[in-house]
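Everything below concerns the one structure shown next.
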Amino acid sequence: MPACREQMARVRRILDRGVRFAIIDRLRVAEMDTSEATAIYWILSSMISRPVAQKLDGTLIYDVLDTGQEALPGSGVRPDKTNIEIRFHNDNAYNNTPPDYVGLLCQRRR
């Protein structure tokens, strides 16, 4: 864990004073199930900063995943649960104190 903390401190320095963007790779995510990958993501994220809720209901980790549904007007289906293109946006913009960092865990290429 000390070596991991050291590397995540380096990532935080890059985010704060460097190019402000970091990719953490070499994790064998394809060999992990969803709960294992999520747990590692949580641990690494926690070493950078305190995680905050993604949604008003307190959800901390939110899955963006094509469920095969269509986001039609009045359907209640969110676009992030479909395969339609979503414009760039800032998560947690509703919060009076938005997060310092935004992280993504990519588990599959498609």
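Look at R10 and say whether it is open to solvent by 60 Å² or more (accessible area, probe 1.4 Å) and outside any loop (DSSP other than H, G, I, E, B).
In short, yes.
Tell me yes or no: at least one residue of region 6-23 is over 16 Å from the mean Cα position of the chain (by Cα) and at pLDDT below 90. Steps first, answer last, please.
To start, the set of residues in region 6-23 that are over 16 Å from the mean Cα position of the chain (by Cα) comprises 6-7, 9-10, 13-14, 16-19.
Applying the additional criterion that residues be at pLDDT below 90 yields none.
No, region 6-23 contains no residue that is over 16 Å from the mean Cα position of the chain (by Cα) and at pLDDT below 90.
Looking at S45, S35 in this structure, which one is loosely packed, with under 12 Cβ neighbours inside 10 Å, assigned to a helix (DSSP H, G or I) and at pLDDT 90 or above? Break it down stepwise before answering.
Numbers: S45 fails: loosely packed, with under 12 Cβ neighbours inside 10 Å.
Answer to the selection: S35.
If you check K55 against the conditions, is it free of Cβ contacts under 8 Å to residues at least 60 places away in the same chain and in contact with a Phe, Trp or Tyr (Cβ under 7 Å, 6 or more places away or on another chain)?
Working: free of Cβ contacts under 8 Å to residues at least 60 places away in the same chain: yes; in contact with a Phe, Trp or Tyr (Cβ under 7 Å, 6 or more places away or on another chain): yes.
Spelling it out, K55 is indeed free of Cβ contacts under 8 Å to residues at least 60 places away in the same chain and in contact with a Phe, Trp or Tyr (Cβ under 7 Å, 6 or more places away or on another chain).
Quick one: in region 68-107, of everything that is without any contact (Cβ under 8 Å) to a residue 24 or more places away in the chain and within 24 Å of I40 (Cα to Cα), which residue is most open to solvent (accessible area, probe 1.4 Å)? Write out each step before concluding.
Kept after step one, since they are without any contact (Cβ under 8 Å) to a residue 24 or more places away in the chain, are these residues of region 68-107: 68-90, 93, 96-98, 102, 104.
From what's left, within 24 Å of I40 (Cα to Cα): 80-81, 90, 98, 102, 104.
Working: D80: 20, K81: 49, N90: 94, P98: 70, V102: 96, L104: 143 Å².
This residue is L104.
Quick one: V29 ticks every box in (1) open to solvent by 70 Å² or more (accessible area, probe 1.4 Å); (2) over 24 Å from D100 (Cα atoms) bar one, so which box is it?
Of (1) open to solvent by 70 Å² or more (accessible area, probe 1.4 Å); (2) over 24 Å from D100 (Cα atoms), only one is false for V29: (1).
The values are calculated or read from the model by the stated rules, or taken from the named source; none is laboratory data. Everything numeric in this text was worked out from a predicted model, so none of it was measured. Backbone-built Cβ (ideal geometry, glycine too); neighbour counts: all protein chains shown. Please note that ligands, DNA and RNA were not included when accessible areas were found on the heavy atoms of the full protein model with its side chains. Shrake-Rupley method; radii C 1.70, N 1.55, O 1.52, S 1.80 Å.
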